[in-house]
Amino acid sequence: MIHSRLIGSGHCLPERVVLNAELSARLDTTDEWIRTRTGICQRHIAAPGQSSSDLALVASREALAAAGVAAAELDLIIVATSTPDFIFPSTACLLQEKLGGRGGAAFDIQAVCSGFVYAMATADAYIRGGLARTALVVGAEVFSHILDWEDRSTAVLFGDGAGAVVLRADNAPGIEATALHADGSHSGILSVPGSVCGGKVVGSPFLQMDGQAVFKFAVRVLDEVAREVLAKVNASVDDVDWLVPHQANLRIIEATAKRLGLPAERAIVSVDRHANTSAASIPLAFDEAVRDGRIRSGNRVLFEGVGGGFTWGAVLFRF
Ligand code: UT7
């Protein structure tokens with residue numbers, strides 16, 4: 001039986017760091033409000049002209065190097081992003097060209113902050129189904145492009161970045177279980193309700209959110225989906241070495257860990273330094289923890305995400 005294994009990861013953060021103090025100097029907010037309500041101290045913001053595919057390229061090169069895989073070996077590239085470079089071609093095709101690969105399948109997945117778990121579960125299905133052997137899975141975002149920088153309720157929450165992993169077909173798992181869900185009836189609580197038509201933006205090009213509704217929804221479904229993937233392999237929370245949740249708010253991460261009965265120190269946190277980087281947040285947090293030696297080969301890791309759509313999902317794997 002074919003399984004998929006995660007064999008390398010990488011990340012990219014834009015150089016420019018924006019501290020809470022910089023935002024409070026021009027918005028009606030404070031460092032104290034941002035820290036206590038979200039846990040965020042700073043975020044990285046892309047330089048003018050720096051796109052999702054640029055960030056994806058750096059993260060992907062790191063992941064390929066860590067995996068010892070050449071771009072030419074990739075037969076699948078999936079980029080999870082809600083901030084693609086263009087309407088088309090896909091960011092995955094642009095990334096393939098920048099990496100210098102040719103011929104394998106390449107496409108984007110749009111599931112907002114759940115995008116990375118959607119992309120990983122999709123790549124896993126391709127590999128297990130024999131449609132691909134070596135896949136690059138990327139989360140890359142420039143949410144700074146879709147924020148209203150005058151709106152204190154959203155501008156303080158997000159950052160830019162990218163994370164990438166390489167998955168390869170193997171005889172042993174690897175990825176043990178995945179679960180994906182969506183409920184479009186909640187599309188209104190987190191959206192960028194704009195489109196391009198006739199040369200104009202129709203609707204709004206800025207992110208809008210009912211923060212409290214999102215918060216309650218997130219805590220509930222993150223608990224449910226974690227239990228769902230664990231149940232698929234008859235595992236319990238005690239069998240999880242590391243939880244790598246979507247990084248939206250420290251209070252959501254702590255509440256999720258508490259509901260699951262997982263000690264808080266086994267949940268990886270990067271929201272304090274990266275803010276919410278949407279589809280990039282899970283691979284970014286994961287790669288940092290691999291590189292600093294916390295997550296090690298053989299550990300059992302649980303990724304879980306929730307975001308606009310509404311969408312949510314989880315991936316359980318042995319690293
Ligand atoms: O990736 C998935 C997408 N996002 C999320 O998961 C975010 C989920 N939601 C959250 O993280 C939290 O709901 C927020 C951080 C967005 C907000 O925290 P909250 O504790 O739910 O605050 P709130 O929305 O209830 O607002 C409390 C007060 C309000 O003032 P009043 O009405 O009590 O006078 C807001 O106007 O805080 C005010 N406020 C701010 N004050 C200072 C909202 N934003 C700010 C701000 N600085 N930046």
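Structure values in brief
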quantity	calculated
Failed criterion for G103 (all others in (1) modelled with pLDDT under 95; (2) closer than 25 Å to W312 by Cα hold)	(2)
Selection from region 199-254 of residues that are polar (S, T, N, Q) and either buried (at least 22 other Cβ atoms within 10 Å of the Cβ) or more than 10 Å from the ligand (Cβ to nearest atom) (or both)	S204, Q208, N234, S236, Q247, N249
Selected residue [assigned by TED's automatic domain parsing to the domain that holds L95 and in contact with a Gly (Cβ under 9 Å, 6 or more places away or on another chain)] from F143, F206	F143
Long-range neighbours under 9 Å by Cβ, at least six apart or interchain, first residue more than 23 Å from S278 (Cα to Cα) within region 195-209, second part of a strand (DSSP E or B)	V202/G194; V202/S195; V202/V196
Residue check, V58 outside any helix (DSSP H, G or I) and at pLDDT 95 or above	no
Flag for I87 being modelled with pLDDT of 95 or more, buried (at least 19 other Cβ atoms within 10 Å of the Cβ), outside the structural domain of P205 (by TED's automatic domain parsing) and aliphatic (A, V, I, L, M)	no
Candidate set from region 112-169 (those that are over 24 Å from D54 (Cβ atoms) and among the charged types (D, E, K, R)); member that is nearest to the ligand (Cβ to nearest atom)	R152
Residues being surrounded by fewer than 18 Cβ atoms within 10 Å (Cβ to Cβ), among the hydrophobic types (A, V, I, L, M, F, W, C) and touching a residue at least 24 places away in the same chain (Cβ under 8 Å) - total across region 70-84	1
Given (1) in contact (Cβ under 8 Å) with a residue 60 or more places away in the chain; (2) away from the ligand (no atom under 14 Å from the Cβ); (3) assigned to a loop (DSSP other than H, G, I, E, B), index of the condition R273 fails	(3)
Contacts under 7 angstrom Cβ, first residue in region 120-147 being free of Cβ contacts under 8 Å to residues at least 60 places away in the same chain, partner among the hydroxyl-bearing types (S, T, Y) and not in a strand (DSSP E or B), 6 or more apart	A132/Y126
Evaluation of D28 against (1) of a type in the set (D, E); (2) within 16 Å of the ligand (Cβ to nearest atom); (3) part of a helix (DSSP H, G or I) (one fails), failing number	(3)
Which numbered condition R35 fails, given (1) touching a residue at least 24 places away in the same chain (Cβ under 8 Å); (2) within 16 Å of the ligand (Cβ to nearest atom); (3) basic (K, R)	(1)
Scan of region 1-25 for residues that are part of a loop (DSSP other than H, G, I, E, B) and touching a residue at least 40 places away in the same chain (Cβ under 8 Å), ordered by number	M1, I2, L13, P14
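Listed here are the residues, each with its yes/no results for (1) in a strand (DSSP E or B); (2) of a type outside the set (V, I, T); (3) in the same structural domain as I146 (by TED's automatic domain parsing); (4) more than 22 Å from A125 (Cα to Cα).
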position: A279; (1), (2), (3), (4): no, yes, no, no
position: A285; (1), (2), (3), (4): no, yes, no, yes
position: S297; (1), (2), (3), (4): no, yes, no, yes
position: E304; (1), (2), (3), (4): yes, yes, no, no
position: A314; (1), (2), (3), (4): yes, yes, no, no
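The values are calculated or read from the model by the stated rules, or taken from the named source; none is laboratory data. None of the values given here were measured: they were computed from a predicted structure. As a convention, Cβ positions derive from the backbone with ideal geometry for all residues, glycine included, and neighbour counts pool all protein chains shown.
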